[in-house]
1. Take Asn69 and tell me if it is more than 17 Å from the chain's Cα centre (by Cα), under 20 Å from Leu13 (Cβ atoms) and of a type in the set (S, T, N, Q).
2. Within region 6-26, does at least one residue satisfy the condition of being free of Cβ contacts under 8 Å to residues at least 40 places away in the same chain, of a type in the set (Gly, Ala, Ser) and on the phi > 0 side of the Ramachandran plot?
3. Please pick out the residue among Val52, Val32 that is out of contact with any helix residue (DSSP H, G or I) (no Cβ under 9 Å at 6 or more places or on another chain) and of a type in the set (A, V, I, L, M).
4. Given the conditions (1) closer than 20 Å to Val154 by Cβ; (2) at pLDDT 85 or above, and given that Tyr224 satisfies all but one, which numbered condition is not satisfied?
5. If a residue has to be part of a helix (DSSP H, G or I) and surrounded by 14 or more Cβ atoms within 10 Å (Cβ to Cβ) to count, how many in region 65-83 make the cut?
6. Checking the conditions here, which among Glu37, Glu105 is acidic (Asp, Glu), more than 28 Å from Lys213 (Cα to Cα) and part of a loop (DSSP other than H, G, I, E, B)?
7. Checking Arg39 against (1) in contact with a Ser or Thr (Cβ under 7 Å, 6 or more places away or on another chain); (2) exposed (fewer than 13 other Cβ atoms within 10 Å of the Cβ), only one condition comes out false. Which one?
8. For Ala10, state whether it is at pLDDT below 95, over 25 Å from Phe98 (Cβ atoms) and surrounded by 15 or more Cβ atoms within 10 Å (Cβ to Cβ).
Amino acid sequence: MTEKPIEQLARELRLKISADKLEHAFLHSSYVNERQEARGSNERLEFLGDAVVGLAVTSYLYTRYPDLNEGRLTKAKSVAVSRPVLNEKAERLGLSSFLRLGKGERANGAQVRSSILGNAFEALVGVIFLERGFSYAAKFVLRYLKDDIELLLVEQSAGGDYKSMLQETAQHMFNSRPKYTAGSAKGKEHDKSFTVTVSIGAHRGVGRGRSKKEAEQAAAKQLYLMLEEF
């Protein structure tokens, strides 16, 4: 896949940061080693970005939900900043197209490897923090993580999540497990909409959301409520 110019990312994400600074977030160690890149890899920025993401989410949870106890706050934060969630956000933003990889890594499919994408997201947050400050970086983080936080807290309030409840119902009623099928994502790279279909035998539910996880939960909810009427 051809590397896209960093200027395109700046336009898509509305970031008033120089292309040279932004590109640093996408310099994989394999690329740096091959080209003797003076700026170094994005690993230090990843370290910084990880801390910024954690503080942004913690601050949001603390101020937005003053009645939540420490246990629920901790669980919500741990999920929101988890590697799978950050990997998904990086995929949704299309960050793989901007990664600068060495020839060997690119041949091995590293461009779509989830861990590298998640690292790039954190490194990007690190650059935003250095260039625009914490307030700006926190708004960027929450633009993509707030929905996951809200969804998780709703699931906690319900005493569980619809995927788990649907699985229990499927086992009890049909001695089977739900099957999730992802449809094609629609929309621009930085604002995609996902569709997921879940089925148990002849019964189906369809859900949509701003992430695959959200779409799966919506599909599970639809089918679960449908089966509850039987």
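The values are calculated or read from the model by the stated rules, or taken from the named source; none is laboratory data. Values in this document were obtained by computation on a predicted structure and should not be read as measured data. A quick note on method: Cβ atoms are made from the backbone with ideal geometry, for glycine too, and the neighbour counts reach across all protein chains shown.
1. It is false that Asn69 is more than 17 Å from the chain's Cα centre (by Cα), under 20 Å from Leu13 (Cβ atoms) and of a type in the set (S, T, N, Q).
2. The answer is no, given that none of the residues of region 6-26 is free of Cβ contacts under 8 Å to residues at least 40 places away in the same chain, of a type in the set (Gly, Ala, Ser) and on the phi > 0 side of the Ramachandran plot.
3. Just one listed residue meets the conditions, Val32.
4. (2)
5. 7
6. Result of the check over Glu37, Glu105: Glu37.
7. Only one criterion is unmet by Arg39, namely (1).
8. Judged against the criteria, Ala10 is not a match.
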